[in-house]
1. Out of all the residues in region 427-441, which are within 15 Å of ligand 1 (Cβ to nearest atom) and either out of contact with any helix residue (DSSP H, G or I) (no Cβ under 7 Å at 6 or more places or on another chain) or not polar (S, T, N, Q) (or both)?
2. Looking only at region 293-335, which residues are among the basic types (K, R), buried (at least 16 other Cβ atoms within 10 Å of the Cβ) and either part of a loop (DSSP other than H, G, I, E, B) or touching a residue at least 40 places away in the same chain (Cβ under 8 Å) (or both)?
3. Can you tell which of A112, A155 is of a type in the set (G, A, S), assigned to a loop (DSSP other than H, G, I, E, B) and touching a residue at least 24 places away in the same chain (Cβ under 8 Å)?
4. How many residues, within region 336-381, are open to solvent by 90 Å² or more (accessible area, probe 1.4 Å), more than 25 Å from D272 (Cβ to Cβ) and in contact (Cβ under 8 Å) with a residue 40 or more places away in the chain?
5. Out of the residues in region 126-142 that are touching a residue at least 60 places away in the same chain (Cβ under 8 Å) and either touching a Ser or Thr at 6+ places or on another chain (Cβ under 9 Å) or open to solvent by 40 Å² or more (accessible area, probe 1.4 Å) (or both), state the one that is nearest to ligand 1 (Cβ to nearest atom).
6. From E481, E417, grab the single residue that is free of Cβ contacts under 8 Å to residues at least 40 places away in the same chain and away from ligand 2 (no atom under 16 Å from the Cβ).
7. Any residue in region 269-292 that is out of contact with any helix residue (DSSP H, G or I) (no Cβ under 7 Å at 6 or more places or on another chain), assigned to a strand (DSSP E or B) and open to solvent by 20 Å² or more (accessible area, probe 1.4 Å)?
Amino acid sequence: MSAQIPTKFEQLFKKVDELKPQFIDVVAQAVAIPAVSSDETLRPQVVKKAHFLVQQLESLGFTDIQLKPLGLQPPPVSNPNLELPPVILSRYGNDPQKKTVLVYGHYDVQPAFKEDGWDSEPFELVVDEEKGLLKGRGATDDTGPLTGWLHVVRAHKEAGVEFPVNLITCFEGMEESGSLGLEELIAKEANGYFKDVDAVCISDNYWLGTKKPVLTYGLRGCNYYQVTIEGPQADLHSGVFGGIIAEPMIDLVKVMSTLVDSDGKILIKGVDEMVAPMTEKERKLYDNIDFSLDELNKASGSNTALYTKKEDILMHRWRYPSLSLHGVEGAFSGQGAKTVIPAKVIGKFSIRTVPDMDSAKLDELVIEHCEKAFAKLNSPNKCKAELIHDGAYWISDPHNAQFTAASKATRLVYGVEPDLTREGGSIPITVTFQDQLKTSVLLLPMGRGDDGAHSINEKLDISNFINGIKLMAAYLHYYAESKEI
Ligand SMILES: NCC(=O)N[C@@H](Cc1c[nH]cn1)C(=O)O
Ligand SMILES: [Zn+2]
Ligand SMILES: [Zn+2]
């Protein structure tokens, strides 16, 4: 850190360091609540986590705290009376002389089971001081970064440093399941709760690698589909019925195998044609990005990369679509050798979308493709392909007041210029904030590319957590000082 660091940052950063145990304790309490949005039976836990966060906001002096209901979860859903989890709106400061920054985060998490291969219980935060890690579901995605904003407020209060902006929180509990219901809420509040918002900042993605901080200006979208194949009335004995009835699982494997090649090529006609062509200007951007095949291999824990050149890896993560097969509901998946013929199986897959793909057109192509592939099997079973949820891709210009402030903050905290990156993952609501609030959006990641988000042993390095809080604080100060909006 430079010797001329302004006093306010010195005071703030010292306080952040002092409060480290308390900050980690808040993350531990939050991680202990298994707020898995995709598991309908865990919906009360998602709601419990919202209430936990409300308590935290209250104790920090946030005002106008509202738990916004979003109504019932739309189909496909097992329980048609399932309420969506609430969105948490709150503010800290209401000074018309100050800029207003909306911070978005999500308190829901991906599913996690110890049997998946975790070294510890996923919903018990492990604080490993020796390795410098916080380990647990949500540590990096997105419980750790979401709480970061609250810690920024606490550090200001306890250090006696004036908070530089008015802060508005928008924390949702359905991001991992397509942000259902949030778009409508944002549209409704654009001229209400959010009317004075000057900028939106999201901390819900990761550095590209493990060493260099980044600021992010693009995301892929995600359209998530399911194909249901139904046959017999109930699961059957394969010794009694095998070979004499049409098995849903055989049909499903055949249909799913027509979607994508082993080398990642999407086999659905018409998809490639929707992808924006590469320009020379864009091609040059990849040269300056700090990344290597080695980092990808380390993050995946394998040597299974489909591309070896940095440029190819980045292009296929950022600017080309991908299709992933995720799983099969209703299929036998336990240990041992159960000789069952599943009666109904639901295959799940998603497509990461990119400019200029048309989401509705993609749905048509995918559904038609699945129907045709099934028809070719001449099976007496029933097949239905449908969209579960979608979220749009987003790309913006990274040269504005927010990115300038965040670059300055990165130099202050990390002593380096951040790389400007796009992200292969999705945050479905990003584009809605930009369009509805007519503001710029900055993605300011806290964690590293090897954090294992959505995977086993998800972690956040303690240094990233602490420096990430300092980075958030410095960004708010520099943005507050900037002349432009
Ligand atoms: N940290 C962002 C993230 O993990 N986003 C999810 C969003 C999503 C979309 N559909 C299902 N989940 C992602 O998988 O990218
Ligand atoms: Zn996330
Ligand atoms: Zn996620």
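1. Just the residues of region 427-441 that are within 15 Å of ligand 1 (Cβ to nearest atom), to begin with: 427-433, 441.
Hits for region 427-441 are I427, P428, I429, T430, V431, F433, V441.
2. If the condition is that a residue be among the basic types (K, R), buried (at least 16 other Cβ atoms within 10 Å of the Cβ) and either part of a loop (DSSP other than H, G, I, E, B) or touching a residue at least 40 places away in the same chain (Cβ under 8 Å) (or both), then R317, R319 are the ones that fit.
3. Result of the check over A112, A155: A112.
4. 2
5. D142
6. E417
7. Looking through region 269-292, none of the residues is out of contact with any helix residue (DSSP H, G or I) (no Cβ under 7 Å at 6 or more places or on another chain), assigned to a strand (DSSP E or B) and open to solvent by 20 Å² or more (accessible area, probe 1.4 Å).
A quick yes/no check of all residues on (1) free of Cβ contacts under 8 Å to residues at least 40 places away in the same chain; (2) open to solvent by less than 30 Å² (accessible area, probe 1.4 Å); (3) in a loop (DSSP other than H, G, I, E, B); (4) more than 16 Å from ligand 2 (Cβ to nearest atom):
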position	(1), (2), (3), (4)
K188	yes, no, no, yes
N191	yes, no, yes, yes
D204	no, yes, yes, no
L215	no, yes, no, yes
N223	no, yes, no, yes
Q226	no, yes, no, yes
A234	no, no, yes, yes
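The values are calculated or read from the model by the stated rules, or taken from the named source; none is laboratory data. These numbers were taken from a predicted model, which means no experiment stands behind them. Every residue, glycine as well, gets a Cβ built from its backbone with ideal geometry; the counts of neighbours run over all protein chains shown. Accessible surface is based on the protein model in full, side chains and every heavy atom, while ligands, DNA and RNA are left aside. Shrake-Rupley method; radii C 1.70, N 1.55, O 1.52, S 1.80 Å.
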